[in-house]
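The values are calculated or read from the model by the stated rules, or taken from the named source; none is laboratory data. Small disclaimer: the values here were computed from a predicted structure and weren't measured. Cβ placement follows ideal geometry from the backbone for every residue including glycine, while neighbour counts extend to all protein chains displayed.
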Amino acid sequence: MDSDTLRHFASFVVTLVAILDPFMAIPFYIALCANRSAPERERIARLAVLTVLMVLVGAALSGEAVLSALGTSLASFRLAGGLVLLLMALAMLQARPGGVRQTTEEASRAEEGALPGVVPLAVPLLAGPGAISTVMIAAQHDGWQNRLTVIAAIAVVCALLWLMLRLAVPIGRRLGPTGFNVATRLLGLLLAAIAVEFMAAGMKELFPALAR
């Protein structure tokens with residue numbers, strides 16, 4: 001892996017961590033698993049991470065075909081994806097999930113699902129519109145080598161997510177509500193900067209005169 005590929009890999013890992021925001025997922029995971037045994041909690045964590053992995057890898061592999069089928073340019077999709085990320089970032093700066101990540105109805109029906117590791121924890125809380133659009137955009141450059149780099153970054157972030165869910169109870173006990181809110185706001189600030197970059201790049205591609 002050359003220096004440019006390594007830099008792109010590290011940058012995308014940081015971007016994906018900011019978008020998924022595992023610190024926001026931990027309180028939801030603890031609430032979902034409050035009355036469940038240890039094996040059930042482990043199963044939910046494993047199912048959630050595997051679902052996130054499959055959804056995001058699927059987005060990386062099929063993104064080009066989806067954009068082509070819809071007749072949508074990468075520039076317009078980058079601009080729309082940046083707007084979605086900005087809405088998520090604004091909600092995170094207020095230490096809340098926001099309607100883009102999870103609707104009120106989805107949150108209220110969380111306990112009704114037979115597979116809470118899939119819905120709502122994995123989708124849409126973690127692998128929601130922001131994460132999917134970001135992966136699709138990132139995978140559209142430099143052929144298969146870049147696509148494999150994106151998939152490797154997804155795998156690393158999913159491994160980190162699995163570790164954090166497994167350690168959710170001690171992490172929650174150590175950080176507390178204030179710690180979670182601070183971490184989420186910091187990731188929200190980072191995500192806002194990433195969203196502005198996405199939107200600026202999309203605007204420059206759609207309106208080349210802006211780049212002069």
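Might you check whether a residue that is under 20 Å from LEU32 (Cα atoms), modelled with pLDDT of 90 or more and in contact with a Phe, Trp or Tyr (Cβ under 6 Å, 6 or more places away or on another chain) occurs anywhere in the stretch 183-192?
First, pick out the residues of the stretch 183-192 that are under 20 Å from LEU32 (Cα atoms): 184.
Add one more test, that the residue is modelled with pLDDT of 90 or more, and what stays is 184.
From what's left, in contact with a Phe, Trp or Tyr (Cβ under 6 Å, 6 or more places away or on another chain): 184.
Looking through the stretch 183-192, at least one residue is under 20 Å from LEU32 (Cα atoms), modelled with pLDDT of 90 or more and in contact with a Phe, Trp or Tyr (Cβ under 6 Å, 6 or more places away or on another chain).
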For VAL119, only one of the following conditions fails: (1) at pLDDT 95 or above; (2) over 13 Å from the mean Cα position of the chain (by Cα); (3) buried (at least 17 other Cβ atoms within 10 Å of the Cβ). What is its number? (1)
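For the stretch 55-65, enumerate the residues that are aliphatic (A, V, I, L, M) and either surrounded by 14 or more Cβ atoms within 10 Å (Cβ to Cβ) or more than 23 Å from ILE137 (Cβ to Cβ) (or both). Before the answer, list the steps.
Restricting attention to the stretch 55-65, the residues satisfying the condition of being aliphatic (A, V, I, L, M) are 55-57, 59-61, 65.
Scanning the stretch 55-65 gives VAL55, LEU56, VAL57, ALA59, ALA60, LEU61.
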Taking the stretch 143-200 and the residues there that are surrounded by 15 or more Cβ atoms within 10 Å (Cβ to Cβ) and among the hydroxyl-bearing types (Ser, Thr, Tyr), the one that is farthest from LEU53 (Cα to Cα) would be THR184
Tell me the residue from ALA25, ALA31, ALA18 that is modelled with pLDDT under 90 and within 26 Å of VAL150 (Cα to Cα), please. ALA25
Kindly indicate whether LEU79 is closer than 30 Å to LEU189 by Cβ, surrounded by 15 or more Cβ atoms within 10 Å (Cβ to Cβ), more than 15 Å from the chain's Cα centre (by Cα) and at pLDDT below 95. yes
State whether one or more residues within the stretch 27-50 are touching a helix residue (DSSP H, G or I) at 6+ places or on another chain (Cβ under 9 Å), of a type in the set (Gly, Ala, Ser) and surrounded by fewer than 18 Cβ atoms within 10 Å (Cβ to Cβ). yes
